[in-house]
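Student: Sharing a structure below in structure tokens format, with a few things to ask.
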Amino acid sequence: MARWCLLLCILVSMAVTAKEAVPAAPDPVLEARMQSIAAELRCLVCQNQTIADSHSGLAEDLRREVRDQLRRGASDEQVVQYMTDRYGDFVRYRPPFKASTLVLWVGPVLLLVAGLAILAIVLRRRTKLAADQFEPDEGEWVDEATELKAGERKS
Amino acid sequence: MKNLRFILPLAIFVVLVGFLAVGLRLDPREVPSPLIGKPAPGFALARLDDAGKTIRREDMLGKVWMLNVWASWCAACRDEHPHLVAFARTKQMPIYGLNYKDARNDGLAWLARFGDPYDASLFDQDGRVGIDFGVYGVPETFIIDKQGVIRFKQIGPVTPEIIQTRIVPLLKELNG
């Protein structure tokens, strides 16, 4: 009997905590949109976090602002534009492609292409070299193996 | 050709050091504001010391003024405050405070304790006007011209150097 009582108590307490875990916002669709926008925006107080992750006061305010604007019928793009107008392109984790961000977007690709080009040139040059330009392939273990064989023959 | 093998890595190294040296001097917390050169956002806020009186953006047109964002909970504001009080005594420009996300009593007590350099402080309790001004690190200071355009923004405390080398010359330029 006591065991059943205990089980009941546990179940009841679980049900109570489950109720608390329900999000405070009444509209789950809006909340999901807010989260997806907030995950794209940088929190300027703690710059390596998104507004969705951060617990700073500013991030909370900005989440509220995003939620309010969505509720008023703003599109996702309008909300992101609103933030960019106030805090600059830096708030966006995916900065727009324009003249000032050209190096940011194109730079890594250029570096990769340059690296591959250098690799190709070096490899091509090496294929044209005569065989005696390279050091012999024999490593130490080859020498040891031949010595070992020689020793076997002696005994 | 043989020399290039040694010079090229050295050149790349020097360029890399150059980039890193510049990077070290930059403060990642200072994000250039997109608002500079743009009209200041509209606002209508109650005064901190008088909830019945509202100050609007339109009231400020026609003069070059300073908007200093502060809060009683902000430690860096305390460092900045004596410089603002000293600058206010020279009466070179009207200084308005934006009391950001604060409690009215805390803000007033703070001013009573450390001195009040402001012609008036606007009471932005929920921080919405702060968001419109792109505020993210209190204290912040804006200089707004006669047409209501933001001409200068300082993120973090104002120092006597910044007042002398940036704000005073700008003020002369805008009033001249």
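The values are calculated or read from the model by the stated rules, or taken from the named source; none is laboratory data. On a predicted model such as this, the values are computed, not experimentally measured, just so you know. Don't worry about glycine lacking a Cβ; one is built from the backbone with ideal geometry, like all the others, and counts go over all protein chains shown. The protein model used for the area step is the full one, side chains on, heavy atoms only, and it has no ligands, DNA or RNA in it. Shrake-Rupley method; radii C 1.70, N 1.55, O 1.52, S 1.80 Å.
Residue by residue, here is whether (1) at the interface with chain B (Cβ under 9 Å from one of its Cβ atoms); (2) exposed (fewer than 15 other Cβ atoms within 10 Å of the Cβ) holds:
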site	(1), (2)
A:GLN47	yes, yes
A:THR50	no, no
A:ASP53	no, yes
A:GLY57	yes, yes
A:LEU62	yes, no
A:ARG71	no, yes
A:ALA74	no, no
A:GLN78	no, yes
A:GLY88	yes, no
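Student: Looking only at region B:17-27, how many residues end up being within 13 Å of chain A (Cβ to nearest Cβ) and open to solvent by 100 Å² or more (accessible area, probe 1.4 Å)? I'd like the intermediate steps shown before the answer.
Tutor: Quick first cut of region B:17-27, residues within 13 Å of chain A (Cβ to nearest Cβ) only: B:19, B:26-27.
So of that shortlist, the ones also open to solvent by 100 Å² or more (accessible area, probe 1.4 Å) come out as B:19, B:26.
So the count comes out to 2.
Per-residue answers, yes or no, for (1) part of a loop (DSSP other than H, G, I, E, B); (2) open to solvent by 40 Å² or more (accessible area, probe 1.4 Å); (3) at pLDDT 90 or above; (4) in contact with a His (Cβ under 7 Å, 6 or more places away or on another chain):
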{"site": "A:VAL12", "(1), (2), (3), (4)": "no, yes, no, no"}
{"site": "A:VAL22", "(1), (2), (3), (4)": "yes, yes, no, no"}
{"site": "A:LEU30", "(1), (2), (3), (4)": "no, no, no, no"}
{"site": "A:MET83", "(1), (2), (3), (4)": "no, no, yes, no"}
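So that you can scan it fast, the table gives a plain yes or no per residue for (1) surrounded by 14 or more Cβ atoms within 10 Å (Cβ to Cβ); (2) at negative phi:
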site	(1), (2)
B:ASP50	no, yes
B:ASP59	no, yes
B:HIS81	yes, yes
B:ALA86	no, yes
B:LYS101	yes, no
B:LEU111	yes, yes
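Student: So, one more: Out of the residues in region B:120-146 that are hydroxyl-bearing (Ser, Thr, Tyr) and away from every other protein chain (no Cβ under 14 Å), state the one that is farthest from the chain's Cα centre (by Cα).
Tutor: That would be B:SER121.
Student: Another question about this same structure. Which numbered condition in (1) in contact with a Leu (Cβ under 8 Å, 6 or more places away or on another chain); (2) away from every other protein chain (no Cβ under 12 Å); (3) touching a residue at least 12 places away in the same chain (Cβ under 8 Å) is the only one that A:ARG94 fails?
Tutor: Among (1) in contact with a Leu (Cβ under 8 Å, 6 or more places away or on another chain); (2) away from every other protein chain (no Cβ under 12 Å); (3) touching a residue at least 12 places away in the same chain (Cβ under 8 Å), the lone unmet condition for A:ARG94 is (1).
Student: B:VAL158 fails exactly one of the following numbered conditions: (1) within 14 Å of another protein chain (Cβ to nearest Cβ); (2) buried (at least 21 other Cβ atoms within 10 Å of the Cβ). What is the number of that condition?
Tutor: It is condition (1) that B:VAL158 fails.
Student: Among the residues of region B:117-151, count how many are surrounded by fewer than 21 Cβ atoms within 10 Å (Cβ to Cβ) and without any contact (Cβ under 8 Å) to a residue 24 or more places away in the chain.
Tutor: Summing the residues that are surrounded by fewer than 21 Cβ atoms within 10 Å (Cβ to Cβ) and without any contact (Cβ under 8 Å) to a residue 24 or more places away in the chain in region B:117-151 gives 1.
Student: Now for a different question. Going by the conditions given, is B:LYS91 of a type in the set (D, E, K, R), in contact (Cβ under 8 Å) with a residue 60 or more places away in the chain and more than 14 Å from chain A (Cβ to nearest Cβ)?
Tutor: no
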